[in-house]
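Asks: Submitted below is the structure of interest, expressed as structure tokens.
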Amino acid sequence: MTAILGYVDLLDRVGPVNDQQREFIHRVQVSVESITALVNDLLELGRIEAGFDGQKEVVPLEGIIRYSLETMNGQISDKHLNLHLNLPADIPQMRGNPIRLRQMLDNLIGNAIKYTPEDGDITIEVEVQSEQIILRITDNGPGIPPSDQPHIFEKFYRASNVPKGVGGSGLGLAIVKSIIDSHHGRIWVESLLGKGSTFTIVLPLYQQEIAKIN
Ligand code: ADP
């Protein structure tokens with residue numbers, strides 16, 4: 001894939017390219033990039049499911065949420081989305097894999113951004129209970145039909161109402177589910193067609209995780 005992209009990049013440097021050729025080059029680039037993303041997602045899912053990166057450390061969840069949002073700032077402002085962040089003052093540290101937790105947030109927040117139309121609202125809230133952290137990501141996008149809801153965490157599944165032109169492989173939520181499983185957590189969706197969706201994630205806190213291991 002890297003070689004294909006490299007040579008495609010070189011095309012307009014070795015001679016003049018007309019507008020139509022430039023458009024075709026652009027389409028090749030977009031297609032190769034989406035195949036690369038698909039292959040990467042498949043490899044990642046394989047690694048998570050195989051349990052190759054089960055090592056956990058103490059992670060600052062708030063920092064991870066803010067970092068994930070920072071990288072998506074551009075997309076949020078491009079679509080004029082209103083972001084509501086509702087974080088309690090002291091989110092306790094939890095035990096987990098920071099790279100995977102970041103990937104989980106990227107996929108969930110990325111979906112909220114991708115599926116919510118311009119000027120929409122996205123709310124991210126965290127609630128801390130005695131033994132667990134509850135994270136909710138809510139949008140007022142298209143929602144998910146009830147008959148599709150039980151399947152959206154399956155590999156390659158895309159709901160029947162995916163808006164035209166909104167791309168995806170149907171692997172993002174399968175990756176999210178595997179990451180949450182490997183952290184002994186739970187995820188579910190509540191959604192109303194035409195109104196929006198809320199993804200709720202429950203993750204055990206550090207202490208409870210230790211108790212489980214012992
Ligand atoms: P995709 O690559 O298609 O986005 P995902 O595995 O991330 O795949 O999600 C599976 C399906 O769940 C999506 O194709 C879409 O139909 C639905 N979905 C996920 N998140 C949302 C959301 N925030 N709003 C509406 N539909 C969603």
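The values are calculated or read from the model by the stated rules, or taken from the named source; none is laboratory data. All of these numbers come straight from a predicted model, not from anything done at the bench. Cβ: placed from backbone, ideal geometry, glycine included. Neighbour counts: every protein chain shown. To get the accessible areas, we keep the full protein, side chains included, count just its heavy atoms, and leave off ligands, DNA and RNA. Shrake-Rupley method; radii C 1.70, N 1.55, O 1.52, S 1.80 Å.
Asks: Go over the candidates Glu70, Glu23, Glu33 one by one and state the one that is in a helix (DSSP H, G or I) and in contact with a Leu (Cβ under 8 Å, 6 or more places away or on another chain).
Replies: Just one listed residue meets the conditions, Glu33.
Asks: Given the structure, is Leu69 open to solvent by less than 20 Å² (accessible area, probe 1.4 Å) and within 16 Å of the ligand (Cβ to nearest atom)?
Replies: When the stated conditions are applied, Leu69 passes them.
Asks: Would you point out which residue out of Ile122, Ile144, Ile133 is aliphatic (A, V, I, L, M), more than 12 Å from the ligand (Cβ to nearest atom) and either at positive phi or surrounded by 16 or more Cβ atoms within 10 Å (Cβ to Cβ) (or both)?
Replies: Of Ile122, Ile144, Ile133, the one residue that is aliphatic (A, V, I, L, M), more than 12 Å from the ligand (Cβ to nearest atom) and either at positive phi or surrounded by 16 or more Cβ atoms within 10 Å (Cβ to Cβ) (or both) is Ile133.
Asks: Starting from the stretch 103-114, take each residue that is more than 11 Å from Ile175 (Cα to Cα) and list its partners that are part of a helix (DSSP H, G or I) and near the ligand (Cβ under 8 Å from one of its atoms), counting only C-beta distances under 8 angstrom and pairs at least six apart or across chains.
Replies: Gly110/Gly172; Asn111/Gly172; Asn111/Leu173
Asks: Can you tell me how many residues within the stretch 23-70 are of a type in the set (D, E, K, R) and in contact with a strand residue (DSSP E or B) (Cβ under 6 Å, 6 or more places away or on another chain)?
Replies: Counting residues in the stretch 23-70 that are of a type in the set (D, E, K, R) and in contact with a strand residue (DSSP E or B) (Cβ under 6 Å, 6 or more places away or on another chain) gives 1.
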